[in-house]
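The values are calculated or read from the model by the stated rules, or taken from the named source; none is laboratory data. Quick caveat: nothing in here was measured; it's all calculated off a predicted structure. Ideal geometry is used to build each Cβ from the backbone, glycine not excepted, and the neighbour counts take in all protein chains shown. Remember, those area values only see protein heavy atoms, side chains included, never the ligands or the DNA or RNA. Shrake-Rupley method; radii C 1.70, N 1.55, O 1.52, S 1.80 Å.
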Amino acid sequence: MIDRVALHRVPVVLGPGRAFLGSGGPAEVLSEDPRVVEGPRVTHLLHVARR
């Protein structure tokens, strides 16, 4: 069981790229709006799982 998912997004694509979470992803278990912290070259997204 997970209680949160933290993603650190950096605007770089290596090769052709691919979907990180695949189709369908965990959208059903994550909260609607993530906590967003923007940095100079990275965006941190913190999703809290629903119970």
Where Leu14 falls short, out of the listed (1) surrounded by 11 or more Cβ atoms within 10 Å (Cβ to Cβ); (2) modelled with pLDDT under 75: (1)
Subset of segment 35-51 [open to solvent by less than 60 Å² (accessible area, probe 1.4 Å) and in contact (Cβ under 8 Å) with a residue 24 or more places away in the chain]: Val42, Thr43, Leu45, Leu46, His47, Ala49
Near pairs, Cβ below 7 angstrom, 6+ apart or cross-chain, from segment 1-16 (of a type outside the set (S, T, N, Q)) to any residue that is open to solvent by 80 Å² or more (accessible area, probe 1.4 Å): Val10/Arg41
